[in-house]
Structure formats: C-alpha cells, structure tokens
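Please read the structure below before turning to the comments.
The values are calculated or read from the model by the stated rules, or taken from the named source; none is laboratory data. Being a predicted model, the structure only gives us computed values, none of them experimental. Virtual Cβ from ideal backbone geometry, glycine too; neighbours counted across all protein chains shown.
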C-alpha cells in the first residue's frame, strides 16, 4: 500500500474543508504541531539522553565492578578500595566529581565504547587484545595471577597445578580465565561470578584452586584465614594494571597520565598502594 504524502497527512483530505468539520481540523492541527516538535527539534543531545549517554562536564564517570577487594569493592554500601581512592584523586585533579558506574566485569569495555562511562578503573590488566579496542594509561601497578588454595593441600598443589585432575575456578573474561584456558587447558575449569564465590567454592571443596589477580587472592586468603585458605606465593604471570579510555579520549588519557606521573613523583601513588596492599613492595 502506498503511503500518503506528508502534506496530506498534516492537512488531511479535502473533505475536511467543510465548515462542520472544525473539530476534526483541530485534531489534525494538534497532530501536525506534535510532528513539528518531535521531528524538527531533535538534537544530538536529545539522542544521547534517549541512549542514556548524557554527559556532565563536571562529572567523571568511572566504570567499576566492585567485587574485587582490595582493588575495588563495596563496604557499608560505598564503593571503596585502591581504585576508588585513585578515582577520587584523579577526578579532583580534573576539577570534577566522581560518579561510579557499576556493572558486570565482562560489560566494562562495551560500556566504555558505547559512551556510558568515561574511564575504566577496575583492576584492569593491559593485554594486546584489549589494546585493539581501547587505549591504556601508563601502568600504575605490576601484578599477576596467583593461586588461592586450601592450606592443607598447598604443598601438593605446587607440584600438581598442571594435573588434568585439578579443578580450577576462575572469574569469566578475566586474565586469570585466559591464563587457565591457554596454559592449564587440561584442568577442569569452573566459572564463578565473583572472587568471593570462588573462595566459597574452594572452602566447600568444589574446586581445588581459585586463580585471580594476586592482590584479590591475598585479600581472600586474609578474609578466610580461619577457614584454611592461603595463597601459593609465586606469581603465575606478570601483568600491569592501568586505566582504560576510548581511543578518541586524548585529553582524558593525557590528564590521567599526568596525574599518575605526579602522584608517582610526590609519593601519593605509593602511599595509596601501601594502604590497600601493605605487602606489595
């Protein structure tokens, strides 16, 4: 069926010219006015509002997955940890306030690219594949994967980590997950939504090892010391943590790098690291 011309849709058919059709003409006039308002006044800003991407020049929107203590987590309902402290300091250096945007870990990069966040500050390791999609700030911490185990089995697991019988837990889409897929592919793999859930799986003996970033596993070992968890001290990988921004966010990337350089020089960065990861020297 052929659609009617736009002018016809606004003014209606010629029968509306009759004097006794004033009320009908009034309805069409309202429709026309509405059309002009919604079609003629839309701006790029309105499109961003509809997509949930409206930005505020005075706010730094930081993408976080707050389930990885001591790096980023929630305490008494507030986002806290090393990354949270650095995010507030970075925002202050920019003359902005920080807004933490919480989301699942595997949505972080997509949310950044869609414009829902300005920067990822959430225990993010630099990897070649991630560097294809986003830019990284200069690294602020050298880290790596570590194995959280039951203390009673630590000695045996140091020798048998590569055994096909070993049941290994990981958090999906993390560098720990990628390490196990590549280097421990013979082992049985189990996925956990959070590191805390992985530690619980270890305590309940559903898995034999939980692999995650070293600071996270050290925290979990401390939290569950009385339940028999410990960390095998040797790092399985070497990684560098940094912050992720869109490739067109040159100004923000430069500002983040300046902040890290200054914080490194005046001792501010090391002081924050020492507060949250006291064994990291």
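Key figures for this structure:
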item	result
Failed item, numbered, when residue 270 is tested on (1) under 21 Å from residue 81 (Cβ atoms); (2) in contact with a strand residue (DSSP E or B) (Cβ under 8 Å, 6 or more places away or on another chain)	(2)
Criterion (in the same structural domain as residue 212 (by TED's automatic domain parsing) and either within 20 Å of residue 112 (Cβ to Cβ) or part of a loop (DSSP other than H, G, I, E, B) (or both)) met by exactly one of 185, 152	185
Scan of segment 230-251 for residues that are buried (at least 19 other Cβ atoms within 10 Å of the Cβ) and closer than 21 Å to residue 81 by Cβ, ordered by number	231, 239, 241, 242, 243, 244, 245
Among the residues listed as 83, 102, the single one being in contact with a strand residue (DSSP E or B) (Cβ under 8 Å, 6 or more places away or on another chain) and exposed (fewer than 15 other Cβ atoms within 10 Å of the Cβ)	102
Residue 226 vs. criteria loosely packed, with under 12 Cβ neighbours inside 10 Å, assigned to a helix (DSSP H, G or I) and not assigned by TED's automatic domain parsing to the domain that holds residue 94	yes
Exclusive hit being over 17 Å from residue 234 (Cα atoms), surrounded by 17 or more Cβ atoms within 10 Å (Cβ to Cβ), touching a strand residue (DSSP E or B) at 6+ places or on another chain (Cβ under 9 Å) and modelled with pLDDT of 95 or more, set 207, 203, 211	207
Residue selected from segment 65-85 under the condition assigned to a strand (DSSP E or B) and without any contact (Cβ under 8 Å) to a residue 24 or more places away in the chain, by the criterion nearest to residue 274 (Cα to Cα)	80
Residue within segment 258-274 that is in a strand (DSSP E or B), over 25 Å from residue 154 (Cβ atoms), within 25 Å of the chain's Cα centre (by Cα) and not assigned by TED's automatic domain parsing to the domain that holds residue 154 present	no
Number of positions in segment 119-134 that are over 14 Å from residue 63 (Cα atoms) and in contact (Cβ under 8 Å) with a residue 12 or more places away in the chain	5
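Let's see how each residue does on (1) within 19 Å of residue 172 (Cβ to Cβ); (2) within 9 Å of the chain's Cα centre (by Cα):
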position	(1), (2)
60	no, no
64	yes, yes
71	yes, no
80	no, no
95	no, no
